[in-house]
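Before any comments, here is the structure.
The values are calculated or read from the model by the stated rules, or taken from the named source; none is laboratory data. Keep in mind the model is a prediction, meaning the values are calculated, not measured. For neighbour counting, all protein chains shown are included, and Cβ atoms are generated from backbone atoms with ideal geometry for every residue, glycine included. For accessibility, only protein heavy atoms count, side chains too; no ligands or nucleic acids. Shrake-Rupley method; radii C 1.70, N 1.55, O 1.52, S 1.80 Å.
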Amino acid sequence: MTKQFCLLLIILFFSSCQQVPELRSNLIWKPYSKQAVEDSVAHHRPVVIDFFAEWCPNCHELDRTVFSLPQIQAKLAKVTALRMDVTDQEAPQVQKIIQEYEIEGVPTIVFLNSHGKEVKDARIIGLVTPQEFSQAFALLALLK
């Protein structure tokens, strides 16, 4: 191999290992709290809860391929968008929330209508496309 080719391979390798910069999608999410859900219900505002973990590659992929899109961010701006970090699944407060929402894995996205009831048909488990997310979100909009 030529020196230039080896150098190119090394550059490509290290550039793929770089940390992905903080995505704009993190600006749309507020940390999950029971109070935030209660406040939203009191104001008749639907809630979207993203259950994610730092170690979850599909969670990060959702950030890159779905939540970073302007049309998805516009949808989430119309609701209360909360993110529940379940990275430490052994923590008692995390276990309680996981049980309360019956979370079996991440990523999971739960949609609550303006009365605080889950729209079960809209629940997302795993990696989805922007179109699939939009379809689930449309169910939430139908059942205000």
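Quick one: would you say GLN71 is modelled with pLDDT of 95 or more, within 15 Å of ILE28 (Cα to Cα) and out of contact with any Phe, Trp or Tyr (no Cβ under 9 Å at 6 or more places or on another chain)? The answer is yes for GLN71. Residues in the range 45-60 that are buried (at least 19 other Cβ atoms within 10 Å of the Cβ) and assigned to a helix (DSSP H, G or I): CYS59 only. Could you check, for the range 35-42, whether at least one of its residues is modelled with pLDDT under 95, surrounded by fewer than 13 Cβ atoms within 10 Å (Cβ to Cβ) and farther than 27 Å from ILE125 by Cα? No, the range 35-42 contains no residue that is modelled with pLDDT under 95, surrounded by fewer than 13 Cβ atoms within 10 Å (Cβ to Cβ) and farther than 27 Å from ILE125 by Cα. One residue stands out among those in the range 98-118 that are surrounded by fewer than 19 Cβ atoms within 10 Å (Cβ to Cβ) and in contact (Cβ under 8 Å) with a residue 60 or more places away in the chain: the one that is nearest to PHE51 (Cα to Cα), which is GLY116.
Here is the figure for the range 68-97: residues that are part of a loop (DSSP other than H, G, I, E, B), touching a residue at least 40 places away in the same chain (Cβ under 8 Å) and of a type outside the set (Ser, Thr, Tyr) total 3.
Looking across LEU127, LEU82, LEU76, LEU142, one residue alone is under 20 Å from ARG45 (Cα atoms), open to solvent by 30 Å² or more (accessible area, probe 1.4 Å) and not basic (Lys, Arg). It is LEU142. Exactly one residue out of ASP63, ASP121 is without any contact (Cβ under 8 Å) to a residue 60 or more places away in the chain, in a helix (DSSP H, G or I) and surrounded by 19 or more Cβ atoms within 10 Å (Cβ to Cβ), and it is ASP63.
Just one of the listed residues (ILE49, ILE28, ILE11) is touching a Leu at 6+ places or on another chain (Cβ under 7 Å) and at pLDDT below 95, namely ILE28.
For the range 98-118, residues that are part of a helix (DSSP H, G or I) and in contact with a His (Cβ under 7 Å, 6 or more places away or on another chain) total 0.
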